[in-house]
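Q: Below is one structure. I have some questions about it.
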Amino acid sequence: MFTQKHIDNFSSHETPFYFYDLELLKNTLQKIKTSAPKNYHIHYALKANAHPTLLEIIRNAGLGADCVSGNEVKRALECNFKNSDIAFAGVGKSDKEINFALDNSIFCFNVESVHELKVINELAKNKSTKANIALRINPNVDAYTHKYITTGLEENKFGINPYEFDQVLDVLKNLENINFTGLHFHIGSQIQDLTPFKNLCLRANEINKWFIQKGYLLPHINLGGGLGIDYQNPDANSIPDFEKYFAIFKQFLELQPSQEIHFELGRSIIAQCGSLISRVLYIKNGINTNFAILDAGMTELIRPALYQAYHKIENISKLELPNSTKYDVVGPICESSDCFGKAVEMPLTERGDIIAIRSAGAYGEVMSNHYNLRDQVKSVFM
Ligand SMILES: *Cc1c(COP(=O)(O)O)cnc(C)c1O
């Protein structure tokens, strides 16, 4: 919820910029702490937002890091995450990235294929070291989310399928530079109905039992991330219902007492803390459509163009006025998909009004780019 204090602050900055509400971030982390049982280890997925100011707060709250590139591992280390709290996932880790992670003795590689397992073994052998690995399992659980962010189905490129397990164990027997320490699952993102997480627990139970029967009681079980947020009502639901989320795992996950439980949450931690703040450059009245043309575009926030994602849009210069007019809210980039929202109801809007595009803390700034030689987007913290 924006107050006069925010509006005064925003007025003094050049737009566009990302605004982050650090109070909300701290409250969100506190809520996670009070909702998760003591034996749950929460890693923050850096790919959602890797800004050092935010990472420092997240690390101070006691979270580990979940990385999907060598540079994310590097960023996590620079922001003082302990190497023993850093997991490294991703279907296409390069040799350079693997070597960097080996040199820094990270907690775990989440390995996505038999081929990758062999390569990590070779690279670890060259360094006379051992790599801790978890197998990323494709559990074939549908997350019922956007197809671009569904990852746990057999047709997706991620993870190792159950029909490959026997082969994996055969291969593992001969890999002397691998410590097989865990199982990893991640079924997708922006999951709001919790049923897929229940289904994930049931599959994880079966798969864990299978490995135990084969003689592998693995110390770490990682259930990934994916908890969704309320893009429609960012003020009413500024913090996701972590209690309900963790309760599903408490109820349905049946592990051995010695097994530690890990999560990798990204969006649910950081999305509601960020807004993209922009000014209206021009109003253009068409026959059927009024356009509000902003100084921010898909170069700063690509989610609407990439996955037709919805973000709530507010004219915060006119918060006290009733919504009276519909606008297509668009950016300046030479692409028709550079549109933040169609037929958005706003008060009568003018050049210079400040527009907030809400719930943009996750997969916003990190996906910004320099198309059209646009400036690097700035950030403001409060
Ligand atoms: C993206 C990703 C996450 C975080 O997903 P959110 O939906 O942002 O919580 C966690 N683990 C892996 C392996 C990922 O790729």
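Q: How many residues, within the range 297-317, are buried (at least 19 other Cβ atoms within 10 Å of the Cβ), β-branched (Val, Ile, Thr) and not in a strand (DSSP E or B)?
A: Residues in the range 297-317 being buried (at least 19 other Cβ atoms within 10 Å of the Cβ), β-branched (Val, Ile, Thr) and not in a strand (DSSP E or B): 2 in total.
Q: Please state which one of Thr53, Thr34 is open to solvent by 20 Å² or more (accessible area, probe 1.4 Å), closer than 16 Å to Val366 by Cβ and over 16 Å from the mean Cα position of the chain (by Cα). Let's see the steps before the verdict.
A: Numbers: Thr34 fails: closer than 16 Å to Val366 by Cβ.
After ruling out the rest, the residue left standing is Thr53.
Q: Here are some residues: Leu276, Leu281. Which one is touching a strand residue (DSSP E or B) at 6+ places or on another chain (Cβ under 8 Å) and either surrounded by 20 or more Cβ atoms within 10 Å (Cβ to Cβ) or among the β-branched types (Val, Ile, Thr) (or both)?
A: So the residue among Leu276, Leu281 that is touching a strand residue (DSSP E or B) at 6+ places or on another chain (Cβ under 8 Å) and either surrounded by 20 or more Cβ atoms within 10 Å (Cβ to Cβ) or among the β-branched types (Val, Ile, Thr) (or both) is Leu276.
Q: Additional query: Kindly list the number of the only condition in (1) open to solvent by 40 Å² or more (accessible area, probe 1.4 Å); (2) free of Cβ contacts under 8 Å to residues at least 40 places away in the same chain; (3) of a type outside the set (Gly, Ala, Ser); (4) assigned to a loop (DSSP other than H, G, I, E, B) that fails for Lys93.
A: Answer for Lys93: the failing condition is (1).
Q: Within the range 214-241, work out how many residues are within 12 Å of the ligand (Cβ to nearest atom) and not in a loop (DSSP other than H, G, I, E, B).
A: Qualifying residue count for the region: 2.
Q: Sticking with this structure for a sec: Would it be correct to say that Gln192 is within 14 Å of the ligand (Cβ to nearest atom) and open to solvent by 40 Å² or more (accessible area, probe 1.4 Å)? Full working, then the answer.
A: On the way: within 14 Å of the ligand (Cβ to nearest atom): yes; open to solvent by 40 Å² or more (accessible area, probe 1.4 Å): yes.
Yes: the conditions hold for Gln192.
Q: With respect to the numbered conditions (1) open to solvent by 20 Å² or more (accessible area, probe 1.4 Å); (2) in contact (Cβ under 8 Å) with a residue 60 or more places away in the chain, which one is the sole condition not fulfilled by Cys339?
A: (2)
Q: Counting only residues that are assigned to a helix (DSSP H, G or I) and polar (S, T, N, Q), which one in the range 1-31 is least open to solvent (accessible area, probe 1.4 Å)? Show your work before the answer.
A: Step one: of the range 1-31, the residues assigned to a helix (DSSP H, G or I) are 4-11, 22-31.
With polar (S, T, N, Q) added as a condition, the list becomes 4, 9, 11, 27-28, 30.
Numbers: Gln4: 116, Asn9: 39, Ser11: 65, Asn27: 79, Thr28: 2, Gln30: 98 Å².
In this case the residue turns out to be Thr28.
The values are calculated or read from the model by the stated rules, or taken from the named source; none is laboratory data. Just so you know, these numbers come straight off a predicted model, no measurement behind them. Heads up, the Cβs are rebuilt from the backbone with ideal geometry, glycines too, and the neighbour counts pull from every protein chain shown. The accessibility values were calculated without ligands, DNA or RNA, using every heavy atom of the protein model including side chains. Shrake-Rupley method; radii C 1.70, N 1.55, O 1.52, S 1.80 Å.
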